[in-house]
Amino acid sequence: MIAIQDILDTITKEAKAESHKGKVANYIPELAKVDKNKFGIGLLDEHGRLFKAGDAEERFSIQSISKVLTLSMAFGLLGNDLWKRVDVEPSGDPFNHLSLLEMENGIPRNPLINAGAIVIADVLISQLKNPKEAFLEYVRNITNDPSIAYDTHVAASEQKTGFRNYAAANLIKSFNNLHHPVEEVLDFYFHACSLSMSCEQLVHVFYMFSNRGKCLRNHEYLNTNQIKRINAIMLTSGFYDEAGEFAFKVGLPGKSGVGGGIVALLPGKFCVATWSPGLNEKGNSKLGMQALEKLTTRIGLSIF
Ligand code: GLU
């Protein structure tokens, strides 16, 4: 019997003692205020048992982790037609890169880079009457947690400084792959990124990706084949231009965000979330990545 709680406690102690914690993202001014000494980890196993350590109950800005959730909502609504608007290849480039978009005629490489998530936001605006409310409801329903909310300060902060996202959206629009005004699409995109959630809440929403599309209450949001596709995209594209390194070290599909969160999962077994706001040079949480490498090494399980 693997003592999960002991492993999480040890990983947390080691992370808290680490002196090189990475750099907190500051290109979104509101994120620069976060204390980089925070560290939390939560794990939900296949029986629905929750294990947690450190600051696992504290909420933070999930940022790009939301891209998996907007993708799953859009995929559920639109089905395979979605892939006409966005590709499924890793980009090998930073999350806010623009030149590939120009070379590939406004079809983003995948839905987990900014350009891809901006197209997904546009798809959801076409499908939903009140996309911001409907998306929030979707996340609240999956987790059965009505307290989950947007952090409007973070959304407003990004609205003022998200120049590269405005550039990407305008470029996509010039190729006719955005059907709504840039401002409207980015307003929704920035709100989705601003979702404020804890590691404990994140494992409750991502549980369905480890449980063939069903949430803890057994409601099915996506079918098995759709889950296969989303997990494949997380493995190949979930960590900016460090997806290879994450697969190599951790061996799980997952997604990171510049708020310092990471979620990862082992299908049929568990879902795990970490939070440590300091990032490495590639924009992934430095200690979060280390913690997940230790976790899969110490429990001896990964998708490989
Ligand atoms: N809202 C952030 C941006 O668009 C998300 C970046 C990230 O977490 O990767 O720059």
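For the chain, the longest principal axis of the alpha carbon atoms and the long axis of helix 152-161 meet at an angle near 60°. Shape class of segment 1-108 from the alpha-carbon gyration tensor: oblate, with a/c at 1.5 or above and b/c at least as large as a/b. Shape descriptor for segment 161-279: Rg over Rh equals 1.01 (Cα atoms; Rh from the Kirkwood inverse mean 1/r). The calculated FRET efficiency for the pair LEU98 and PHE248, based on their C-beta separation and a Förster distance of 35 Å, comes to about 0.80. Of interest is the spacing of the C-alpha centroids, which for segment 108-139 and segment 184-221 amounts to 13 Å.
Checking the cross-link pairs LYS21/LYS214; LYS84/LYS129; LYS21/LYS84 against a 29 Å limit on the alpha carbon distance flags LYS21/LYS214; LYS21/LYS84 as lying beyond it. Summing +1 for each Lys or Arg and -1 for each Asp or Glu among the other residues whose beta-carbon sits under 10 angstrom from that of LEU222 gives +3.
Net charge dipole, segment 137-285: roughly 520 debye, given to the nearest 20, about the Cα centre with Cβ charges of +1 for Lys and Arg and -1 for Asp and Glu.
Between the Cα long axis of helix 114-127 and the first principal axis of the chain there is an angle of about 70°, rounded to the nearest 10. With 0.36 nm allotted per residue and the present C-alpha distance subtracted, the THR224-PHE175 stretch has 14.3 nm of extension available. In units of the rule-of-thumb radius 2.2 N^0.38 Å, segment 100-195 shows an alpha carbon radius of gyration of 1.09. Spin-label pair ASP35-ALA134: with each label point 7 Å from Cα along the Cα-Cβ axis, the two points sit 4.0 nm from one another.
The local environment of ASN114, defined by Cβ-Cβ distances under 10 Å, has a net charge of +2 under the rule Lys, Arg +1 and Asp, Glu -1. Average 1/r across all pairs of distinct alpha carbons in the chain, invert it, and you get the Kirkwood radius: 18.9 Å. Each label was represented as a point 7 Å from its Cα along the Cα-to-Cβ direction; for ASN141 and LEU77 these points are 1.2 nm apart. Look at the dipole of the chain built from charges on Cβ: of CYS271, GLY283, SER237, the Cα furthest out on the positive end belongs to CYS271.
Counting every other Cβ atom within 10 Å of each residue's Cβ, ARG140, ARG109 order from fewest to most as ARG140, ARG109.
The Kirkwood radius of segment 1-55, taken over pairs of alpha-carbon atoms, gives through the Stokes-Einstein law at 10 °C and 1.306 mPa s a diffusion coefficient of 122 µm² s⁻¹. The alpha carbon centroids of segment 1-53 and segment 254-268 are separated by 12 Å. Set the Förster radius R0 to 25 Å, insert the Cβ-Cβ distance between HIS153 and THR10 as r into 1/(1 + (r/R0)^6), and round the FRET efficiency to 0.05. Efficiency at R0 = 25 Å is approximately 0.10.
Shown here for segment 149-257: trypsin sites (Lys or Arg not before Pro) in loop regions (DSSP other than H, G, I, E, B) with at most 11 other Cβ atoms within 10 Å, namely ARG217.
Between LYS160 and ARG298, the modelled labels are 4.1 nm apart [label points 7 Å from Cα along Cα→Cβ]. Counting only DSSP H runs of at least 4 residues, each contributing -39500 (n - 2.57), and dividing by the residue count of the chain, the helix-based mean residue ellipticity at 222 nm comes to -14000 deg cm²/dmol. Can you give the FRET efficiency for LYS23 and GLU89, using 1/(1 + (r/R0)^6), R0 = 30 Å, r = Cβ-Cβ distance, to the nearest 0.05? Working from the Cβ atoms, E equals 0.55. Packing order of peptides 81-93, 285-297, highest average first: 285-297, 81-93 (average count of other Cβ atoms within 10 Å over each peptide's residues).
Summing charges over neighbours of PRO146, with a neighbour being any other residue whose Cβ is under 11 Å away from its Cβ, gives -1 when K and R count +1 and D and E count -1.
No lab work stands behind these numbers, since they all come straight from the coordinates. Everything numeric in this text was worked out from a predicted model, so none of it was measured. Heads up, the Cβs are rebuilt from the backbone with ideal geometry, glycines too, and the neighbour counts pull from every protein chain shown.
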